[in-house]
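Reviewing the structure listed below.
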Amino acid sequence: MQLRFDAVSEPSVAGAKWKHLFDAYWPGYKTWFLSQNTALTPDLKTSQEALKKYMPKMWPTYVHLCEITNADVDIARFLTGFQPPAYISACAQVVINTDEIQLVRNYDYAAELLEGTLLLSKWNDLKVMGTSDCLIGLVDGINDSGLCVSLTFGGRKEVGYGFGIPFILRYVLEFCTTTKEAVKVLKSIPSHMSYNVTVVDKTGETKTVMLAPDKETKVSNIPFATNHQGTVDWPENAVFNQTVKRYNFIKNYLKSKDVKAEELAKAFLHPPLYNTKFREGFGTLYTAVYHPEKLRMQLLWPNVKMVQSFDNFVEEQVTIYYEQSSVQTSPAISAPTQKATADGAYNWQDAVVDSLVKSMAGKESKAKQKELREKLMPNGIIAWEEIANFWNEPTTY
């Protein structure tokens, strides 16, 4: 199983490059989009009226996209983003504000359903850089005001009135410059399924917005999210994607002292946050790291990274080969346009474990601290599953 990631730069209104992406991906999207048509599926007029009502600033862009695609009824309805078929991903995301402000997320999904496009565009006043979905939507991204957004599935079955979340995130990044503005917009647009959207701006103000089609939108100061909204609503899904285990891992990790932003990003490349159930549609397809102060981002895999910024966006390709495994291992990776890079010694792992030991057993004897350190880092390598299990079923130290 493999997926090619393309970094595409078109810092203008959608033009020839976006049209090329559309031509490549529309046949697949069309099959998906028309797969669940019923008598309740909204017609084009209803969909367009919803777009005008809830995302009015996007209307000129929508008209332009319809023109350059010579849109028929199906395309025109799809491009509104209104009432798409249901889809479920997993994901985890967190904002850390220590030595720098950083949003880190893992995107866990079926490889065959991801576009694999990192798109730089300027459809309106703001430049936007992010991971494309549904051709005009985004599952995570940053704009040149330093506003960053990311989504996770909210862990609920309900499907209702509203827009697909990637379209909503695109709207936020097109027109908002601060977390406060983004939260206001997110509360004003109905989402057709439950999602958690974590937002951070260049000042570090962070919110997680819990959207649902059948409940009032909730706004939290918690700077992270996995795949539930407070309580577990869909137990079978929660067991499959280990949302509680991953949530506890992040919560306790953030309690650790002196954790650097770079260390947190590397933790996302290991279990329990990193997943390899690729055949079941629950493998980590990429890790995204957003730096709002630096207006920079990275896409990471265990041995390869793609670094981009608004000032220096380079078009490139990276091909990832995903392999199913009964244990959490890294995918084999090929990078045609860059050499694979490997970290040197495990200095960062030492730093992570030292901070965790201080947090968990800092008041205990040196013998207890040593015991915990050896448990968390046997043979000089972090035992990520041990850390996750330790936090999921805490041991008293």
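What number, rounded to the nearest 500 deg cm²/dmol, is the helix-based mean residue ellipticity at 222 nm of the chain, given -39500 (n - 2.57) per DSSP H run of at least four residues and division by all its residues?
-10000 deg cm²/dmol
Which FRET efficiency value, to the nearest 0.05, is calculated for residue 73 and residue 20 with the Förster distance at 30 angstrom and r the Cβ-Cβ distance?
Computed FRET efficiency for residue 73 and residue 20 comes out at 0.85.
Along Cα→Cβ, 7 Å out, is where each label goes; now give me the distance between the ones at residue 41 and residue 100 in nm to one decimal.
Between residue 41 and residue 100, the label points sit 4.6 nm apart.
List, in the order given, every pair from 260/375; 17/45; 52/187; 19/122 whose Cα-Cα distance in the structure shown is over 20 Å.
Long pairs (Cα-Cα over 20 Å): 260/375; 17/45.
So what's the chain giving for Cα Rg divided by 2.2 N^0.38 Å, two decimals?
0.98
Nearest 5 is fine: what % of DSSP beta bridges in region 45-189 come out antiparallel, could you say?
100 percent
Helix check for the chain. Which DSSP H runs span at least 20 Å along their own axis by Cα, with a mean Kyte-Doolittle hydropathy no less than 0.0?
Qualifying helices, which must be both long enough and hydrophobic enough, are 347-361.
Enumerate by residue number the GluC sites (Glu not before Pro) in region 188-248 meeting two conditions: DSSP loop (anything except H, G, I, E, B), and at most 12 other Cβ atoms within 10 Å of the site's Cβ.
Counting only loop positions with at most 12 other Cβ atoms within 10 Å, the GluC sites (Glu not before Pro) in region 188-248 are 216.
Under a plain spin-label model, where a point goes 7 Å from the Cα along Cα-to-Cβ, how far apart in nm are residue 184 and residue 63?
With each label point 7 Å from Cα toward Cβ, the separation is 2.5 nm.
Is the shape of region 10-80 rounded, prolate or oblate, going by the alpha carbon gyration tensor and its root eigenvalues a ≥ b ≥ c, with a/c under 1.5 for rounded and a/b larger than b/c for prolate?
Here region 10-80 falls in the oblate category.
Taken together, the values in this text are just the output of simple stated rules run on the coordinates, not laboratory data. Note that the structure is predicted; figures quoted are calculated from it, not measured. As a convention, Cβ positions derive from the backbone with ideal geometry for all residues, glycine included, and neighbour counts pool all protein chains shown.
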